[in-house]
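Visitor: To start, I am sharing the structure in question, which I have written as structure tokens.
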Amino acid sequence: MDKSSIRKSSSNRILIGMYIFSGAFLFLAALLGLLVSSVTVPVPSIIHIILQNSIGLSWMEDIPRNLEMIIWNIRFPRVLLALFIGAALSLAGAAFQGLLRNPLADPYTIGVSSGASLGSVLVLYFQINLLGLGSFSLPVVAIIGGFVALMIVFGMTRLSNRGMAIETIILAGIIISAFIGAIVSLIIAISSQEDMRQILYWLMGSVGMRGWSHLQLFIPFFLIGAAILLLHHRELNALAMGEESAQHLGLDVKKRKIWILVGASLLTGASVAVSGSIGFVGLVIPHLVRLITGPNHRHVLPLSMLTGGAYLVLADLIARTIIAPKELPIGVITALVGAPVFAILLMRRFGRGKS
Amino acid sequence: MKLQMSKFSKWASLLFVILMVVAMVAGCGNNAPEVTEPANQGGEVSAPTEKPAVEEPKAEEPKAEEPKAEEPVVQISRPASGEYGWLSNTDGQFPITIIDGSGQEITIEEKPQTIVSVQASHTEISFALGLGEQIVGVSDYCNYPEEALTKEKIGAQEMNVEKIINMMPDLALVTDYHYKNHAAILDQFKEIGINVVVINSADSFAHTYTTIQLIGGVTGTIVKADDIVIDMQQRLAEVIKKAEQVTEVAKVWVEVSPAPDIYTTGSGTFMHEMLEAVGATNAAGHLEGWNKLTEEEIVVLMPDVIVTTYGYYVENPEDGVYARTGWAEVPAIKNKRVYDVDSDTVTRSGPRLIDGVELLGQIIYPEVFK
């Protein structure tokens, strides 16, 4: 008894340390994202502009209007968007990996992202302007598309398996993803060169040229989805044992599964709708986090959020400065970084397994 | 015996796996859509829009030198979306008010001292108007004239917004693409005092003339703009006149991207207009806009001349065409009449279009267009 309480307090300390570290890492990443860019703005001005616009604190005068616009209207929302999307994708990825009991699962496995991508591609191809929403039409239609895809996956699963088994959901998701992917390829094939470039660029993912409006559209989905998932950490732990065991533990497996799927899909659909499909975030970050925290979802979920947010902010920073003034698509950076990291994780797993 | 069987089946399955992998790799090799597909780099596609309706010329320029052309001297035509209008006397005096490609009224108070251009054609036009000093930012694809390469790059379809706002130019020339997709950013520009003029993509000579005049008007160089337009119209008229001497009309097949995805320019594109001007027939004239055709469909057309525009990123495009199996009976191949032209002169809606026309004439009918 004594030993376990001592163990608990020292592992508690490690965990607290992890949270503080992740939080600090996130804060520093965000700071770096704000300070460094293709256009250099003096640091005191940056701090002043942000404080002035957010809480009205002002001590400097004569900040040029265009600098204020750069920081407050362009850079700040961009960093925030990267932060939230990184958090959303990592959280959804962790939830999917726990739910599907598959280390290769990522937010795009069950087809929600395909639906969102199709929605966006349709908007780009047909130049749809929904109810005069202008450039807002794209994320709105994309979210609807993601939702529709999810419904189709659910429907397909239900028709084949009353109990909504996870394996069936995965299969249905892959089928829907493949089918929608084919439709997207079809649209790309028949679109003009200009549209094609636009579509492909969009599909590669970006958090730039978005602004506060996109962030405001994204935040509600983020909050609801994150709340759902964070509250289901116990259920995810139980499901890790297998659905039957979870049932025996007293879980209403079917209902909880659907909740978790909906929560993760909200996060994924909104992310893809706003920023395109940025890969390797939802896949790699949860694994990294689990290296330190172990499989307990109580900690994996929030820490994935923090780490994922910092990761994407830094990836975006690299994407927009490394070949400035040109910009690399952010998906390229996350893939170039994520794949080797994933390989290393894989090898470490093998190494541990052998011994 | 059991051991021998398992050894055999091991090798058989290994061979099977290798064959599958090879088949998959060969199949996957062609899947990636080529982003560098079309010949032009600056997103200057001539999307099939309807021909702009022609309006009566609002004669604002002092010297109305009548060219020998059939086309009137100065025309303001309405592009497919939005219109360019002149709402003030355009004798070059500021402030001037125009209606730009977004349909909004834009007033420019003073002659712009610093200009940013996000499209290669607008950059070319600006340099031709003598604005080399005023241009401070160009797109990633602006490559003509040479001086453009020395200017600061500010992105293209994806603009480096921070940079542009930091530069605070007096005037930003953007395209309808930016207006449709990033109107919020254009509003941000206007909010901090950058004049934004939306210029729609041009897909015809007439539209190019109005683009040149629009840029001339908003930069205070309308006189030079008129000169350029008149010069282009005159040279085009000469080409059309020479084309009357053509006895045997040649059928020309245009390729803007190499095999296996061969795209051509149908009606409503610059190439089509140019081919008609020099007295040739566009083999793909029955199609509208940019189209992808299969090899069979092309060979059936039996073109007399083949023109490619992708020489800047494919080595020896002519050899590639000559080497195509099954094309031996095509007249263009038999008579060795495959030529590559600089895509910028035939797809970019700027002053060099007229160079493209003359070049095409020399290629297709060398006896007539010496």
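The values are calculated or read from the model by the stated rules, or taken from the named source; none is laboratory data. Note that the coordinates shown come from a computational prediction; the quantities given were computed from them, not determined experimentally. As a convention, Cβ positions derive from the backbone with ideal geometry for all residues, glycine included, and neighbour counts pool all protein chains shown.
Yes or no, residue by residue, for (1) over 30 Å from B:Asp231 (Cβ atoms); (2) modelled with pLDDT under 90; (3) part of a helix (DSSP H, G or I):
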| residue | (1), (2), (3) |
| --- | --- |
| B:Glu296 | yes, yes, yes |
| B:Tyr312 | no, yes, no |
| B:Thr325 | yes, yes, no |
| B:Val346 | no, yes, yes |
| B:Ser349 | no, yes, no |
| B:Val357 | no, no, yes |
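Visitor: A:Ala82: in contact with a Ser or Thr (Cβ under 6 Å, 6 or more places away or on another chain), assigned to a helix (DSSP H, G or I) and away from chain B (no Cβ under 14 Å), yes or no?
Guide: Answer is no for this residue.
Visitor: Within segment A:124-147, does at least one residue satisfy the condition of being touching an Asp or Glu at 6+ places or on another chain (Cβ under 9 Å) and part of a helix (DSSP H, G or I)?
Guide: Checking segment A:124-147: at least one residue is touching an Asp or Glu at 6+ places or on another chain (Cβ under 9 Å) and part of a helix (DSSP H, G or I).
Visitor: Please list, ordered by residue number, the helices (runs of 4 or more DSSP H) wholly in segment B:106-190 having 3 or more residues that are within 14 Å of chain A (Cβ to nearest Cβ) and out of contact with any strand residue (DSSP E or B) (no Cβ under 9 Å at 6 or more places or on another chain).
Guide: Those helices (runs of 4 or more DSSP H) span B:161-167, B:176-181.
Visitor: Okay, next question. Among the listed residues A:Ala264, A:Ala240, identify the single one that is surrounded by 15 or more Cβ atoms within 10 Å (Cβ to Cβ) and more than 18 Å from the chain's Cα centre (by Cα).
Guide: A:Ala240
Visitor: Here is a follow-up. Among the numbered criteria (1) within 27 Å of A:Thr268 (Cβ to Cβ); (2) more than 14 Å from chain B (Cβ to nearest Cβ); (3) aliphatic (A, V, I, L, M); (4) assigned to a helix (DSSP H, G or I), which one does A:Leu104 miss?
Guide: Result: A:Leu104 passes all but (4).
Visitor: Okay, moving on. Of everything in segment B:259-270, what is within 14 Å of chain A (Cβ to nearest Cβ) and in contact with a strand residue (DSSP E or B) (Cβ under 9 Å, 6 or more places away or on another chain)? Give them in sequence order.
Guide: Result: B:Asp261, B:Ile262, B:Tyr263, B:Thr264, B:Thr265, B:Gly266, B:Gly268, B:Thr269.
Visitor: Does B:Asp187 satisfy being buried (at least 23 other Cβ atoms within 10 Å of the Cβ) and among the charged types (D, E, K, R)?
Guide: Judged against the criteria, B:Asp187 is not a match.
Visitor: Can I ask one more? In segment A:22-78, which residues are surrounded by 14 or more Cβ atoms within 10 Å (Cβ to Cβ) and hydroxyl-bearing (Ser, Thr, Tyr)?
Guide: A:Ser22, A:Ser37, A:Ser38, A:Ser45 - these are the residues of segment A:22-78 that are surrounded by 14 or more Cβ atoms within 10 Å (Cβ to Cβ) and hydroxyl-bearing (Ser, Thr, Tyr).
Visitor: Something else about it: Does A:Ser206 fit the bill of being outside any helix (DSSP H, G or I), within 14 Å of chain B (Cβ to nearest Cβ) and within 30 Å of B:Arg348 (Cα to Cα)?
Guide: The answer is yes for A:Ser206.
Visitor: Tell me whether segment B:217-228 contains one or more residues that are closer than 30 Å to A:Arg65 by Cβ, within 14 Å of another protein chain (Cβ to nearest Cβ) and crowded, with 20+ Cβ neighbours inside 10 Å.
Guide: no
Visitor: Being within 14 Å of chain B (Cβ to nearest Cβ), free of Cβ contacts under 8 Å to residues at least 24 places away in the same chain and part of a helix (DSSP H, G or I), is that true of even one residue in segment A:148-170?
Guide: No, the conditions are met nowhere in segment A:148-170.
Visitor: Have a look at B:Thr345, B:Thr325 and point out the one that is over 18 Å from B:Ala237 (Cβ atoms), within 12 Å of the chain's Cα centre (by Cα) and not aromatic (Phe, Trp, Tyr).
Guide: Selected residue: B:Thr345, the only one of B:Thr345, B:Thr325 that is over 18 Å from B:Ala237 (Cβ atoms), within 12 Å of the chain's Cα centre (by Cα) and not aromatic (Phe, Trp, Tyr).
Visitor: Would you be able to tell me the number of residues in segment B:107-131 that are out of contact with any Ser or Thr (no Cβ under 8 Å at 6 or more places or on another chain) and farther than 14 Å from B:Asn195 by Cβ?
Guide: So the answer is 3.
Visitor: Just name the residue that is farthest from A:Glu327 (Cα to Cα) out of those in segment A:187-203 that are small (Gly, Ala, Ser) and at the interface with chain B (Cβ under 9 Å from one of its Cβ atoms).
Guide: Filtering first and then ranking leaves A:Ala189.
Visitor: Please determine, by comparing only the residues of segment B:192-203 that are surrounded by fewer than 21 Cβ atoms within 10 Å (Cβ to Cβ) and more than 7 Å from every other protein chain (Cβ to nearest Cβ), which one is nearest to B:Gly101 (Cα to Cα).
Guide: Among those residues, the one meeting the criterion is B:Asn195.
Visitor: With respect to the numbered conditions (1) free of Cβ contacts under 8 Å to residues at least 60 places away in the same chain; (2) within 11 Å of chain A (Cβ to nearest Cβ); (3) of a type in the set (Val, Ile, Thr), which one is the sole condition not fulfilled by B:Val254?
Guide: If we test B:Val254 against (1) free of Cβ contacts under 8 Å to residues at least 60 places away in the same chain; (2) within 11 Å of chain A (Cβ to nearest Cβ); (3) of a type in the set (Val, Ile, Thr), just (2) comes out false.
Visitor: Take the conditions over 21 Å from B:Ala243 (Cα atoms) and surrounded by 15 or more Cβ atoms within 10 Å (Cβ to Cβ) and apply them to B:Pro317. Does it pass?
Guide: Considered against the rule, which asks whether it is over 21 Å from B:Ala243 (Cα atoms) and surrounded by 15 or more Cβ atoms within 10 Å (Cβ to Cβ), B:Pro317 comes out as yes.
Visitor: Condition first: surrounded by 17 or more Cβ atoms within 10 Å (Cβ to Cβ), in contact with a Lys or Arg (Cβ under 9 Å, 6 or more places away or on another chain) and assigned to a helix (DSSP H, G or I). Can you find one or more residues in segment B:235-253 that meet it?
Guide: Yes, because at least one residue in segment B:235-253 is surrounded by 17 or more Cβ atoms within 10 Å (Cβ to Cβ), in contact with a Lys or Arg (Cβ under 9 Å, 6 or more places away or on another chain) and assigned to a helix (DSSP H, G or I).
Results for (1) closer than 22 Å to B:Asp203 by Cβ; (2) of a type in the set (S, T, N, Q), shown as yes or no for each residue.
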position: B:Ile106; (1), (2): no, no
position: B:Glu109; (1), (2): no, no
position: B:Pro112; (1), (2): no, no
position: B:Ser126; (1), (2): yes, yes
position: B:Gln134; (1), (2): no, yes
position: B:Asn143; (1), (2): yes, yes
position: B:Glu147; (1), (2): no, no
position: B:Glu152; (1), (2): no, no
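For every residue, the table says whether it meets (1) buried (at least 19 other Cβ atoms within 10 Å of the Cβ); (2) within 23 Å of B:Ala328 (Cβ to Cβ); (3) touching a residue at least 40 places away in the same chain (Cβ under 8 Å); (4) not assigned by TED's automatic domain parsing to the domain that holds B:Ala328.
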| position | (1), (2), (3), (4) |
| --- | --- |
| B:Gly268 | yes, no, yes, no |
| B:Met271 | yes, no, yes, no |
| B:Thr294 | no, yes, no, no |
| B:Val299 | no, yes, no, no |
| B:Pro303 | yes, yes, yes, no |
| B:Val307 | yes, yes, yes, no |
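Visitor: Which members of segment A:25-54 meet the condition of being of a type in the set (Gly, Ala, Ser) and within 20 Å of the chain's Cα centre (by Cα)?
Guide: Listed by number, the residues that qualify are A:Ala29, A:Ala30, A:Gly33.
Visitor: Another question, then. Just give me the residues in segment A:281-306 being of a type in the set (S, T, N, Q) and either part of a helix (DSSP H, G or I) or buried (at least 20 other Cβ atoms within 10 Å of the Cβ) (or both), in sequence order.
Guide: Within segment A:281-306, A:Thr293, A:Ser304 qualify.
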